[in-house]
1. State which residue is most open to solvent (accessible area, probe 1.4 Å) when the search covers only the stretch 58-72 and only residues that are assigned to a loop (DSSP other than H, G, I, E, B) and at pLDDT 90 or above.
2. Quick one: in the stretch 8-47, of everything that is modelled with pLDDT of 90 or more and of a type in the set (Phe, Trp, Tyr), which residue is farthest from residue 75 (Cα to Cα)?
3. Select from the stretch 28-57 the residues that are touching a helix residue (DSSP H, G or I) at 6+ places or on another chain (Cβ under 9 Å) and either open to solvent by 70 Å² or more (accessible area, probe 1.4 Å) or hydrophobic (A, V, I, L, M, F, W, C) (or both) and list them in ascending order.
4. Taking residue 79 as the residue in question, decide whether it is modelled with pLDDT of 90 or more and within 13 Å of the chain's Cα centre (by Cα).
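The values are calculated or read from the model by the stated rules, or taken from the named source; none is laboratory data. Values in this document were obtained by computation on a predicted structure and should not be read as measured data. Quick reminder, even Gly has a Cβ in these numbers, built from the backbone with ideal geometry, and neighbours come from all protein chains shown. To get the accessible areas, we keep the full protein, side chains included, count just its heavy atoms, and leave off ligands, DNA and RNA. Shrake-Rupley method; radii C 1.70, N 1.55, O 1.52, S 1.80 Å.
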Amino acid sequence: MVLIGTGAAFASNADKSKKSAVVDGHYFDNNLNQCVNAQIDCSTIDTGQMCTWGAVGAEIVLREAGDTSCGNQLFKAPQP
């Protein structure tokens, strides 16, 4: 019984960590001199594909918003 409870707790925590990895993607707007929310779901976990926004051939790589800039590159969020 203890092992079943431990397994269920681990699965529950793993599911929460996946959900918390999804964040809004941002891009730096030179005209506004600030990081702008593109309102695209991206992941902080490397899924092998960059999270992008825009027309094909002119995509902008989205980043995580920081206190003063657009920081870490984000990745395409897994689809449910």
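1. Filtering the stretch 58-72 down to residues assigned to a loop (DSSP other than H, G, I, E, B) leaves 58-59, 62, 66-69.
Next, only the ones that are at pLDDT 90 or above stay: 58-59, 62.
Working: 58: 65, 59: 85, 62: 0 Å².
Of everything passing the filter in the stretch 58-72, 59 is most open to solvent (accessible area, probe 1.4 Å).
2. 28
3. Once the filter is applied, which keeps residues that are touching a helix residue (DSSP H, G or I) at 6+ places or on another chain (Cβ under 9 Å) and either open to solvent by 70 Å² or more (accessible area, probe 1.4 Å) or hydrophobic (A, V, I, L, M, F, W, C) (or both), the stretch 28-57 yields only 45.
4. Values: modelled with pLDDT of 90 or more: no; within 13 Å of the chain's Cα centre (by Cα): yes.
Criteria not met by residue 79.
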